[in-house]
Amino acid sequence: MLLARLLKAYRRHGFLARTGLNPRYFDDPDCPFTHFQRANGETMNVGGGLAPQEIHFLEGLCEGAYRPRRILIVGNAFGWSAIALGMILPESVIVAMDAGLEGSAAGLGASLTMQIASEEHLSVRVVDALSPRDVAQVVATEFGGEPLDLVLIDGFHANEQLTRDFAGALPHASPSCVFVFHDVLHWHMVDAFKKLPIPASHERRILTRCPSGMGVVFPSTLDAAARDAIDAFCDETVDLAAFHASLGADDAHAGPPLRARLSRGWRMRHLGMASTYEMEGDPERAEEQIRLAAEDAAGDAEVLVRIAVHLMERDRWEDADRYLQDAHGLAPAWDQPLLERARVALHLGQDDVAAPLFAEAARLNPQCAVAWYELGRLSYHSGDDSNAVTQLERAIALEPAWDAPCHVLGLVKGRLEGAAAAIPWFERAVGLSPGHLHAHYDLGQARVALGDDRGATASFERAMEIDPDWAPPYYSRGLVAARAEGPAAAVSWFERAIARDPDWGWPLLELGAIRYHQGNDVAALALLERAVAVDPASAAAHHVLALVRSRLHGDAAGLADFERAIALAPQWEAPCFELGIRLRRLGQCNDAITQLVRAAELGCTERTLWYEVGLSRRAVGDDAGALEAFEAVHHRAPNWSAPLKELGVCLRQLNRLRESVDVLRSALEREPDWAGAHYELGLSCRALHDLSLAEHHWRRAADLRPGWDAPRVALAALSAPASR
């Protein structure tokens, strides 16, 4: 049994066919036709396939001498008709054209069709092509230019498109070719069908015993068995003209009573034509179809929303909003226009407009998880974490299997309670949706915060698998490598991040900093100049660039970037400290003191901070201030010798000579071969008139640093008669 075989073929892949149902009983004009859903109830967003009676018609059509060998199908959807014809005619070559216009699952449908065809050993192929534009090419490449024996037209349904599809296929038809048109009655395409310019050798019939009212164009010489099948599906008791007249309809116009009985998609036919013309590169005709759709809507809020969504998908947000406002006016108790208006506001950066729209949608429909999710997301971004938690938990309660609110709730929990509270929500998000890129990445970030480098690495690498071209996981993987293995291990990760996003400042900064610390200032300079070019507001990039420029070109070369870093991050102590050092070395000691003291006030813990303050104060003649600074350094770092020498100098300048000698001797006890300390001790000894001891220390300094003139000058002065 063909129907049983078809159902089993799809069930093998986890798809259930909903087909052949009573439209009156189930209150659904489309339920006689074939739609697919997964076992969990998820419906596939794709056009409907032939009803079981219509499959039975195709069996009858081909059970006699008429056995078409080359079959073209316009419109594949989930491949139901193509697979059915393949099973009926296993010796035939069947090619289905599909341009993906009917639903987002068309790509999945094409793949599934090919897989089932392979399993069933059928010669069925699906090609990505648009009718009528690509028909000639498909016939040439798939059929070798040989004429077609059967054409099933079941693509986009509109009077205009039916005419175009027939005109595109007719030149490639054999004299015995039969044309079958799905949904002639169900989509009210009677006018186009009756006006088709069929050859004089052909006849046309509408199969009123098929649920969709299929149309057939066939040669008068058709095999008797095939003609019998056509006759069997034409009900002689039906007078279409009289029936239409009784409903106030005619071939071209459905009229209100009949409109209510047509396919639910019929109201959207102009939007489908607009998409077709767009694909053909004809924007003027596409725009005309949108205008016709709006005219035809005549108070239909659902159609107006669909028009708006069509425009939103094409970045025509302001145009879309006008239709959504009209839809809301027609159906003020319906939440969908409000949801879509809020989406428009979000895209336009109007969060303050979007939030009340989502709130009103949630009030109208408290079971709308989308509204609660979007409210929670907006609350999170505005910093209102308490409301965000409530709103996101409501969304999750309504849609427990939805990953997006779990992800955002993880972000909120992380900010409120820390990484440990965020991780379960991120893990739930990736469990619900293993391909959720940002949830994997944020899970990695949370694991980094907890020191779980192995877990973080796994999360970042999973994110890379999902989207190999997204830079952030490579950057974060580099940070983990730097922490766990050292900066050199991070280089390749930062390079990969930069290759994927050359205009992202953070990896440029990190790699530039590594090159700086490796001593490769030329490479560091190039990276950091790029970093500040792409992110001029990065204080860190300006700071490290200043370090590089100072080392490459001298202290003065870095001043402007240090100052820029301070302006961008006035509470950051590091650039104040580094700027102070360079100002001191450039002789701008008062300015140096200002920056160094500011660094201290901001919490700088560098041990050289007060040492630099002391040098600067001594340079401007503030020996008491310098002494205080050096004493502070010595207190903080008692094992550091350098401040001892400077303490000794300050004490001498303040005429505290004995203390000076004691401190300098203490320095030499630590470092006996310190030429500078010997020299300064010699000066203090001379001030105490202990010339022999002064001479001893200057000679020691001269021996330790043979090229240093200062001790030799002091010795020469000591030898002069006036010094004795």
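Every read-out reported here was derived from the displayed coordinates using simple, explicitly stated rules and does not represent laboratory data. Values in this document were obtained by computation on a predicted structure and should not be read as measured data. Note: ideal-geometry Cβ built from the backbone for every residue, glycine included; neighbour counts use all protein chains shown.
Report, as a whole number in µm² per second, the diffusion coefficient that Stokes-Einstein gives for the range 567-724 at 25 °C and 0.890 mPa s using the Kirkwood radius over alpha carbon pairs.
D = 148 µm²/s.
Work through the residues other than ALA599 whose Cβ is under 12 Å from its Cβ and net out their charges, Lys, Arg +1 and Asp, Glu -1.
So the surrounding residues net to -4.
When Lys and Arg each count +1 and Asp and Glu each count -1, what net charge do the other residues less than 11 Å away from ARG69, Cβ to Cβ, add up to?
Net charge in that neighbourhood comes out at -1.
Can you compute 3J(HN,Hα) from phi for each residue in the range 22-34, using the Karplus curve 6.51 cos²θ - 1.76 cosθ + 1.60 with θ = phi - 60°, rounded to whole Hz and x for Gly and Pro?
Result, ordered by residue: 7, x, 6, 5, 8, 6, 8, x, 9, 6, x, 8, 8 Hz.
Compactness ratio of the range 48-257: Cα Rg over 2.2 N^0.38 Å, N = residue count?
Rounded to two decimals, the normalised Rg is 0.98.
log10 I(q)/I(0), Debye, Cα-only the range 59-151, no solvent, q = 0.13, 0.20, 0.21, 0.24 Å⁻¹?
Debye intensities relative to I(0), on a log10 scale: -0.40, -0.93, -1.01, -1.25.
Just want the answer: with Cβ charges of +1 for Lys and Arg and -1 for Asp and Glu, which residue in LEU185, ASN22, GLY109 is farthest toward the dipole's positive end in the chain?
Looking along the dipole axis, the top candidate is GLY109.
Through the Karplus equation 6.51 cos²θ - 1.76 cosθ + 1.60, θ set to phi - 60°, convert the phi angles of the range 3-18 into ³J(HN,Hα) values in whole Hz; use x for Gly and Pro.
4, 4, 5, 4, 4, 5, 4, 7, 5, 4, 9, x, 10, 9, 8, 9
Provide, for q = 0.10, 0.12, 0.13 Å⁻¹, the log10 of I(q)/I(0) from a solvent-free Debye sum over equal Cα point scatterers in the range 202-350.
-0.53, -0.69, -0.76
Tell me the mean residue ellipticity at 222 nm calculated for the chain from its helices only (DSSP H runs of n ≥ 4, each -39500 (n - 2.57), averaged over every residue, nearest 500).
-19000 deg cm²/dmol
Bin width 5 Å, alpha-carbon pairs only: give the P(r) of the range 476-568 as whole percents, running from 0 to the bin holding the largest distance.
Result returned by the calculation: 3, 17, 24, 24, 19, 10, 4, 0.
Could you bin all the Cα-Cα distances of the range 653-724 into 5 Å bins starting at 0 and give me the percent of pairs in each, rounded to whole numbers?
Pair shares across the bins are 3, 19, 29, 24, 17, 6, 1, 0.
Suppose we look only past 39 Å in the calculated P(r) of the chain. What percent of the Cα-Cα pairs does that tail hold?
Here the long-distance tail beyond 39 Å is 59 percent of all Cα pairs in the chain.
Answer with one residue from GLY48, GLN367, ALA232: the one whose Cα lies farthest towards the positive end of the charge dipole of the chain, charges on Cβ with Lys, Arg +1 and Asp, Glu -1.
Result: GLN367, furthest along the dipole toward the positive end.
Using all C-alpha to C-alpha distances in the range 386-468, build P(r) with 10 Å bins and read off the rounded percent in each one.
All Cα pairs considered, the percentages come to 22, 50, 25, 3.
Taking θ = phi - 60°, what integer Hz values does the Karplus form 6.51 cos²θ - 1.76 cosθ + 1.60 yield along the range 523-535, in sequence order, with x for Gly and Pro?
5, 4, 4, 4, 5, 6, 5, 5, 4, 6, 5, 7, 9
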